[in-house]
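Below: the structure, in structure tokens.
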Amino acid sequence: MTDDATRARQRLFVSDPITPGCEIELAPEQSHYLEHVMRLKPGTPIKIFNGLDGEWLATIDHLRKKKGTVTAERQLRDQIVERGPILAFAPIKKQRLDFLIEKSVEMGVGTLQPIVTAHGITDKVRLDRLQAQVIEAAEQCERLSVPEIVPPVKLLDWLADWPENRHLLFCDETGSGSPIGEVLSQLLAKGAGSAIDNDNVVNHAIVIGPEGGFSADEIERIRKQPFATPVSLGPRILRAETAAIAALSVFQDRIGDWSIPPVTRD
């Protein structure tokens, strides 16, 4: 790794294509952050990524009055497929939701799907705010992609539109499911455990209930679905955000990307 790459401590997501020598205009909030929060100057190296072209070393050209540009120098990492599972969750209280979003991104989630349930505390979600959190988390944990956040949908409508080839891990707080690690190991042994298929389509989703749990009707409806498998997250009742991280951890360990060797950086 070169000295410039080593010194590049800040990492930003950009929406523009990245090619050698291209100049990219930063968003006003990015320029403000680099200049006034991090106190960086023109000529400082940073890292940039856009979810398509890998990670690049770039140099700050100028920063002034919430305007700034950087120039891409060279690619540090090739783009790879980062297609973790879909995580469906009922919106929870703000501070706990912030934790769920940040840690889910760090755990490699592919898509975040808010769902409206009978016992949920709200059906309103500020997608713009969540999107900003997802980008910030992806920047900090050195992901090469930014997970998708989709608009909220009613749980039963979500189930009705379910693709036939996608498996649903239903985190059942009643304790009637088999341990999630055991279920995932069995899927892998049967040849059905791949996180993505040959077309890079996600094969799995995890659904977490709201703070008040799923209703009896919702539990029955989920259990009746041929694509759903009830799973247990252990003998204790977990908060929604804890359950999400626990489920994602076991998923990545058994059939996800934790078994992939780390990428060597230039």
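The magnitude of the dipole of the chain, with charges of +1 and -1 set on the Cβ of Lys/Arg and Asp/Glu and taken from the Cα centre, is near 700 debye. Compactness of the range 56-162 is given as radius of gyration and Dmax, 17.0, 52 Å, from Cα positions. In plain terms, the chain from K154 to E29 could stretch by 41.6 nm, reckoned as 0.36 nm per residue minus the Cα-Cα distance.
From the P(r) of the range 1-75, can you give the percent of Cα pairs sitting at distances over 17 Å? Summing the P(r) tail past 17 Å for the range 1-75 gives 34 percent. Pairs from the table (K65/K94; K93/K154; K41/K65) lying more than 21 angstrom apart at Cα are K65/K94. Can you tell me the orientation of helix 127-141 relative to the chain, as the angle in degrees between its alpha-carbon axis and the longest Cα principal axis, to the nearest 10? Tilt relative to the chain: about 70 degrees. Counting only alpha carbon atoms, the long axis of helix 240-254 and the longest principal axis of the chain meet at about 80°.
The aspartates and glutamates within cross-link reach of K103, meaning a Cα-to-Cα straight distance under 19 Å and a gap of 8 or more places when in the same chain, are E82, D128, E136, E139, E142, E148, E211, E241, D253, D257. Which of the aspartates and glutamates could be linked to K224 by a straight reach, that is with a Cα gap under 19 Å, when you skip same-chain ones fewer than 8 residues away? Of all the aspartates and glutamates, those that pass the test against K224 - Cα under 19 Å, at least 8 places apart if same chain - are D157, D161, E164, D172, E173. Its convex hull of Cα atoms gives the chain a direction-averaged projected area, equal to a quarter of the hull surface, of 15.0 nm².
DSSP bridge analysis restricted to the range 1-109 gives an antiparallel fraction near 85%, rounded to the nearest 5. Across the options T19, T44, L87, the greatest Cα extent toward the positive end of the charge dipole of the chain (unit charges at beta carbon of Lys, Arg, Asp, Glu) belongs to T44. For the pair I80 and D16, the difference between a 0.36 nm per residue extended length and the Cα-Cα distance amounts to 21.3 nm. Computed over the chain, the per-residue total of -39500 (n - 2.57) for DSSP H runs of n ≥ 4 gives a 222 nm mean residue ellipticity of -8500 deg cm²/dmol, rounded to 500. In the chain, the longest principal axis of the Cα atoms and the axis of helix 94-106 are about 70 degrees apart.
No value in this document is a laboratory result; all are computed from the given coordinates. The structure presented is a predicted model; accordingly, all values stated were derived computationally and were not measured. Cβ sites come from the backbone with ideal geometry, for glycine too, and all protein chains shown count toward neighbours.
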